[in-house]
Every structure is written in C-alpha cells, then in structure tokens.
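Coordinate-derived values only; no laboratory data. Note that this is a predicted model, so its numbers are computed, not measured. Here Cβ is always computed from backbone atoms with ideal geometry, including for glycine, and neighbour counts include all displayed protein chains.
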C-alpha cells in the first residue's frame, strides 16, 4: 500500500493505520479539551474570579472572559486550548532537557 500511495496520488486520500490512530487520538484530545474548558468556565462563572483556579488553562480562560477585553481581542475556545497545549508541550521539553528537575518533587506539584 505504501508503494501505491507514493505513485498513485488517489491512494494518499485513504488513511493508513497510523493516520487513523492519530485522528482518533486528536479527536479524543479535542473532546477532553472542550470538556475542560466548559468545566473551567462554569467554575469561573459560579465562583467569580477569586476561586477560578490557578492552572494555566483557568488563567487563560479568566483573562479571555475579562469584561474589559474587547470582543475583537477575545480568543475562541480552540485558540485558548491551543495556547494551553503549546505551553504545556514547551514545559515538557524543558523538563526533559533538565535532568535536575526530574528529582524535584516541588516542581511536580508535591508539597
């Protein structure tokens, strides 16, 4: 099938096993992300700004829902989630490149 995909372009439209698994994983991540955003928005609306949470996603949502922010400056839920994913991915790269952080339980959130 790989040879056919390389020489006959129409076969490139048929996803292979890895591409199907990637699509399923992406759909799962998107679904979980949308659920997290809705949960964080509900918490923010219920408790106000004080009890909204201190994680990156909560802070992004809180900033995006600020009353002083113009409508043309607001991000869509997908943009908020994308920024949160990119920030977390960058953080994972930093952790992977810094072995001394692996042993730091404080860094991992334990107190």
For the stretch 34-75, shape from the Cα gyration tensor axes a ≥ b ≥ c, cut at a/c of 1.5 then a/b versus b/c, turns out prolate
A chain fully extended from residue 23 to residue 7 at 0.36 nm per residue, minus the present Cα-Cα distance, gains in nm 3.4 nm
Once residue 30 and residue 74 are pulled to full extension, the length gained, defined as 0.36 nm per residue separation minus their Cα-Cα distance, is 13.9 nm
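Among 80, 10, which comes first, then next, by fewest other beta-carbon atoms within 10 Å?
Fewest to most other Cβ atoms nearby, the residues stand as 10, 80.
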Ordering 26-36, 54-64, 12-22 by per-residue average of other C-beta atoms within 10 angstrom, highest first, gives 54-64, 26-36, 12-22
